[in-house]
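Written below as structure tokens is the structure these notes are about.
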Amino acid sequence: MSASPTDVTDVTDRQPSAWAPLRSAAFRSLWLAVLASNIGTWMQTVGAQWLLVDAPGAATLVSLVQTASMLPVLMLALPAGALADTFDRRRLLIAVQCFLAAVGVLLTVLTAAGRMPPALLLTLTFGLGVGQALTLPAWQAVIPELVPRSQLVSASALGSISVNLARSVGPAVAGVLVAQAGVAVVFAVNAVSFAIFAVTLVRWRPARREQDAAPERFTAALRAGGRYVRHSPVVRRILLRAALFVVPGSALWALLPLVASRRLGLGAGGYGVLLGALGVGAVAGALVLPRVRRVLSSNHLLLLAGLLYAVVLATLALVPVPAVAVVALVPAGLAWMTVLSSVNAAMQLFLPGWVRARGLSVYQMVFAGGQALGAVAWGALGEFTGLVGALTVAAALMAVGALSVLLWPLRETRGVDRDPAVYWPEPHLTLEPPARGGPVLVTVSYTVRPERQAEFVEAMRAVGRSRRRTGAMRWGLFRAGERADGFVEVYQVPTWEEHLRQHGGRLTGADRVVEERARALAEDDVRVNHLLPAEPE
């Protein structure tokens, strides 16, 4: 499918109330459980960072907490997405929450015993990050099973509210607990939050999903997910916008503990207040954003939010006054939520069901990778130039990234059909290949009048992207040397099984539109051939 302005559903379209998905009991209970887990995660992050504030090389070590949390998502996101698209998502989520609870208990016990050196703390934090990497794509892919498509944008907004409400409550509670009871208690609460999510998942009884007769193999699923993202210009643009915001934006999260302790002279409680201000701004933004979207496009929102975030970074660098910092962090939370909820909703709405978890896992990879690698860079820059220099550079990069929306905007998107469309005729072959036999070469012959040929070639470029997204390793369009009006489309699929998946559900209504547009320019004598390997298996 081409990357025209009509390729995805516009997230600025009018949507149901942000609270509508909560009318579903299943979504409501799971959303509350995820909220509890998010609160625990933010408490754990604050506790881990505060343990390292007074350690030698604190700027690097504190930023490495964020890196240890996010790096597993960068490393494991696509495999996690393939697992979530291949196996039962509920059972996968339950197993992962049990693992996370076990790691949380170990953190609690060792910290209470005074046996938590920085290296071990970062290692166990990395273990929690592994669990989160496995959780994120599975949970994101479950959401369309809980609410109707018309409520997906609202569900995405509620996801942002959950994350940012946790960001508001978790750090504030953690700051109080660290000051009054110690870091071990914070880690214990985090372990309990994972257990709550696991119990809620056990109690949830989803409707049985239709399964493919032969589920995708893991390695094939990985390759298919990578092909889809690589050949989808719309998805690549969404990922670019996310990266241009997250990389400079991560400076705030990586350096805020040091800003609190060194620039503002605050303790653990004060750091919690700063994070709470960010969370309050994000929650407030989630509530007013639906109204703002009615008057501003997604690209205008990205531009304004990026510039606002840049101003906040510059303010923290230049004005070391606690009251000013608290006030400035409220709009920073609003800007953070605006950008990430916009790009996340665009991904949710654009991705077809068969590859949704894998596509969202790539988004999580960009998001987490930007934070993880950005945190290391900002921590190192903070050691070299000081906090003021690092924050000033981050502010400048954020402003440049925001202005780049004028060159690389999100695609304007208007209601294209993303539902599965089974419209290819079933292939009837004399030689029936084995399911995993291949590769399979498919040729499609067209007859096109000379006056239509230029338009036909242009239309077939969109068809080629569709073929590659849904399974083709290679694609090409050729002229028939013996006929002035002859064209031959050729594409190679790795296995017969992969080609049957194209026939049986990978194509969407939007793919059908671009294919029909091309075929309307050709004569009716379209011929399809399937070429199989000559060597026996």
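Report, in debye and to the nearest 20, how large the dipole of the stretch 440-533 comes out about its Cα centre when Lys and Arg carry +1 and Asp and Glu carry -1 on their Cβ. With only Lys, Arg, Asp and Glu charged at Cβ, the dipole is about 380 debye. Among 327, 422, the order by Cβ neighbours within 10 angstrom, fewest to most, reads 422, 327. With the charge dipole of the stretch 440-531 set up from +1 on Lys and Arg Cβ and -1 on Asp and Glu Cβ about the Cα centre, the Cα lying farthest toward the positive end among the listed residues 518, 450, 503 is that of 503.
In the chain, Cα pairs under 8 Å separated by at least six residues give a relative contact order of 24 percent. Size descriptors for the chain (Cα atoms only): Rg and Dmax, in that order, 25.2, 85 Å.
Spin-label model, residue 219/residue 474: points 7 Å from Cα along the beta carbon direction are separated by 2.0 nm. In a simple Cβ point-charge model (Lys, Arg +1; Asp, Glu -1; nothing else charged), the chain has a dipole of about 920 debye relative to its Cα centre. When 428, 231, 503 are sorted by how many other C-beta atoms sit within 10 angstrom of their C-beta, beginning with the fewest, the order is 428, 503, 231. How would you classify the stretch 456-537 from its alpha-carbon gyration tensor, with a ≥ b ≥ c the square roots of the eigenvalues: rounded for a/c under 1.5, else prolate if a/b is greater than b/c, otherwise oblate? Oblate, since a/c reaches 1.5 and b/c is not below a/b.
What ranking of 31, 424, 378 emerges when the number of other C-beta atoms within 10 Å of each C-beta is taken as an exposure proxy, fewest first? Provide the component values of the computation, followed by the final result.
On the way: 31 21, 424 14, 378 26.
Least crowded to most crowded, the residues run 424, 31, 378.
Suppose the chain between residue 525 and residue 319 were pulled fully straight at 0.36 nm per residue; how much longer would it get relative to their current alpha carbon spacing?
66.9 nm
Between residue 454 and residue 404, the FRET efficiency estimated from the beta carbon spacing at R0 = 30 angstrom works out to 0.35.
Laboratory data are not the source of any read-out in this text; all were calculated from the coordinates shown. Bear in mind that the values here come from a model prediction, so they are computed numbers and not experimental data. All Cβ positions, glycine included, derive from the backbone under ideal geometry; neighbour counts span all protein chains shown.
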